[in-house]
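> One structure coming up, written as structure tokens, with questions to follow.
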């Protein structure tokens, strides 16, 4: 109650301080509503019931007004009342809080086993637990869901499903809707995906006589080394062979040498079918290759065609390239699928390999085609030809009617209001909901508005998701915090364009980004690293939460980036690799393949994430250099050989032109992916 009195007094002071218009004579302006809303929301969350209503006058047309009653209804542990829910859904139909309230009420009805009420309030949703409950509600009404299209999409998941689905699956199993074949299909899918716990749970649905076979497969995937050590004594039965094949494929990922030893003792002991044998041979070949084992190339060359896949074909190229076997590299490139051969990465490596083989005339048209593309390999191809870079920007254009449509879209209005209040998680939820309710052409206009209002990450993700908007470089590569980035980067002795590229690749300008590795903020710093850098440079740092401050994050991040660069003679590409993967792996790669030319070295990085990260960052650095300076430092100049000293560009550094030589649509923008990711940021870049 004391807290309520404080909130009431605080709001009373606020109301007294409002312009007279707020009292009701005139419509309050948005700024006044924005200032009023947080205190009223706090009352809805924690004040006495309905106390917020008396103080919400003037907020009725505020975009976030629906959240006041929603918050009041969801507070505490009291059950939702049907009348209140129905009234809310009628007042605020088709809104995100209405959807959330409906789903919360549906979950309550599941707990209460009120299937009639559930059916009466059902509205389709992607939430799997509610979709399972919907089928249960249909069964309660006497209907019988069929497997195809109704049960199968819920059942055939390689990962664990919500507990709400278990009664549905038990019914479907008992009713014969899920048969033995469907159980085995899901169990083996879970084993192939490397999810032993799911496989073990699914084994419980097998007939008693088959259950131990399913459990053995799950155990082989969970702990292949110890389980498969006993496999030599197993009977030669199909499911035992499955257990060995899935287990060895998993074991090869962790320890390819140990898996190879086990396979040597089991290969002739069992009568493998083609799928089982090929699974093992493929895994051994691929994971011997990722460690560049001496026998990797021989294994890849001996791999049966039917055992190959995109991964084995790509690794065949990398292993041959790492060994400097250019004829074998070209042969491996020829074996890539049509889709792979169309990718800029492999087209560039084909041209480079042809140069190594003395076939420059054949390489030149490949370089020329690539040089029209604004990506890592396109920039390198242009450098080989001595040509300018082709970056063809588009301008975001919208008619007044389109702009008005976006301005009037209520879901977007709520998203932008949450953003203005600094409630970024809520803002992103409303944004994502809004994008599902507007036309594709309108999404680009909404993204441009986000950019104009400083909500850069939404612009980056939205515009990088569609091929039609990749050339909106201003919005996709914002010069945010420009004076600060320039000042801190130069003060740390690194190139501002590189610092910008790291921010763009790490967080896409999401200030509250937090990764699965516990990295924080714009430059995705680990708290321990931030503490060390802060101590070294005598900067203020009070803990991980401080890293959500963009200014401090950039200050610490640029100094850490400079620290990484010094470890590699200033090399930005090697420092970028270490920034992503850590110094220890990069050291191993340098020891093993440090004599390779940088473009080849990058392609042989074993970690897919790091391999793509380095290419992405270096391409982003070119684009940010262009945005900052017009003319750019050549990408090839940013890739010194391992051990070669590199200095950040200066005013007198040689730069090259950027042109737009082709009609709209003829050049493609640099491909990119979502930051590795921010709190698992929503959306994709």
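Coordinate-derived values only; no laboratory data. Please read these numbers as outputs of a predicted model, since none were measured by experiment. Counting neighbours? That spans all protein chains shown, and the Cβs are built from the backbone with ideal geometry, glycine included.
> Rounded to whole Å and ordered largest first, report the semi-axes of the equivalent ellipsoid of the range 248-316 derived from its Cα gyration tensor (root of 5λ). Walk me through the numbers on the way to the answer.
Values: eigenvalues 60, 42, 19 Å².
After scaling each eigenvalue by five and taking roots: 17, 14, 10 Å.
> For the chain, build the convex hull from the C-alpha positions and give me its volume per residue in Å³.
Each residue corresponds to 204 Å³ of Cα convex hull volume.
> Enter the mean projected area of the convex hull around the alpha-carbon atoms of the range 400-470, in nm², rounded to one decimal.
It is 4.3 nm².
> For the modelled label position 7 Å from the Cα of residue 197 along Cα-to-Cβ, which residues of the range 149-182 have backbone nitrogen atoms closer than 14 Å?
Only 159-163 pass the distance filter.
> By counting other Cβ atoms within 10 Å of each Cβ, how are 315, 171 ranked from fewest to most?
In increasing order of surrounding Cβ atoms, one gets 171, 315.
> Given a Förster radius of 41 Å and the C-beta distance between residue 84 and residue 179 as r, what FRET efficiency does 1/(1 + (r/R0)^6) yield to the nearest 0.05?
0.40
> Moving on to the next point. In Å, what is the Rg of the alpha-carbon atoms in the range 179-294, and how long is Dmax?
13.6, 46
> Restricting the calculation to Cα positions, tell me the Rg (one decimal) and the Dmax (whole number) of the range 209-267 in Å.
Calculated on Cα positions, Rg and Dmax stand at 10.5, 35 Å.
> Is any residue of the range 207-222 close enough, with backbone N under 16 Å, to a label point placed 7 angstrom from the Cα of residue 237 along the Cα-Cβ axis, and if so, which?
It comes to 207-220, nothing else.
> From the gyration tensor of the Cα coordinates in the range 472-531, what semi-axes in whole Å does the equivalent ellipsoid have, largest first, with each one equal to sqrt(5λ)? Walk me through the numbers on the way to the answer.
Numbers: eigenvalues 79, 52, 14 Å².
Equivalent-ellipsoid dimensions as semi-axes: 20, 16, 8 Å.
> Helix-derived [θ] at 222 nm for the chain: sum -39500 (n - 2.57) over DSSP H runs of at least 4, divide by residue count, nearest 500?
On the way: 38 runs with 418 residues, N = 685.
When only DSSP H runs of four or more count, the value is -18500 deg cm²/dmol.
> So if R0 is 45 Å, what FRET efficiency would residue 275 and residue 77 give, r being the distance between their Cβ atoms, rounded to the nearest 0.05?
0.30
> Another question about this same structure. Quick check of the Kirkwood formula: for the range 98-245, what is the inverse mean of 1/r over all pairs of different Cα atoms, in Å?
So the Kirkwood estimate lands at 16.7 Å.
> State, to one decimal in nm, how far the label point of residue 401 lies from the label point of residue 532, with both points 7 Å from Cα in the Cβ direction.
Inter-label distance under the simple model: 6.0 nm.
> Follow-up. Calculate, in nm to one decimal, what residue 291 and residue 439 gain on full extension: separation in residues at 0.36 nm each, minus their alpha carbon distance.
Details: separation 148, 0.36 × 148 = 53.28 nm, distance 4.68 nm.
Result: 48.6 nm gained on full extension.
> Order of 541, 568 from fewest to most other C-beta atoms within 10 Å?
With the sparsest Cβ surroundings first, the list reads 541, 568.
> Any idea how far apart residue 54 and residue 588 come out in nm if each label point goes 7 Å out from Cα toward Cβ?
For residue 54 paired with residue 588, the spin-label model returns 6.7 nm.
> What's the exposure ranking of 510, 156, 564, going from fewest to most Cβ atoms within 10 Å?
Ranking 510, 156, 564 by Cβ neighbours within 10 Å, fewest first, gives 156, 564, 510.
> Take the Cα atoms of the range 32-112, find their three principal axes, and give me the spread along each one in whole Å, biggest first.
For the range 32-112, the Cα spread along each principal axis is 42, 27, 16 Å.
> Using just the alpha carbons, could you tell me how many Å³ per residue the convex hull of the range 482-659 encloses?
Spread over its residues, the Cα hull of the range 482-659 gives 115 Å³ apiece.
> So, in nm, how far is label residue 230 from label residue 29 when the simple model puts each one 7 Å beyond its Cα toward the Cβ?
Modelled inter-label distance: 7.7 nm.
> Separate question: Which number comes out as Rg/Rh for the range 318-425 once both Rg and the Kirkwood Rh are worked out on C-alpha atoms?
When Rh is taken as the Kirkwood radius, the ratio is 1.30.
> What FRET efficiency, computed as 1/(1 + (r/R0)^6) with R0 = 45 Å and r the Cβ-Cβ distance, is obtained for residue 170 and residue 641, rounded to the nearest 0.05?
That pair, residue 170 with residue 641, gives E of 0.10.
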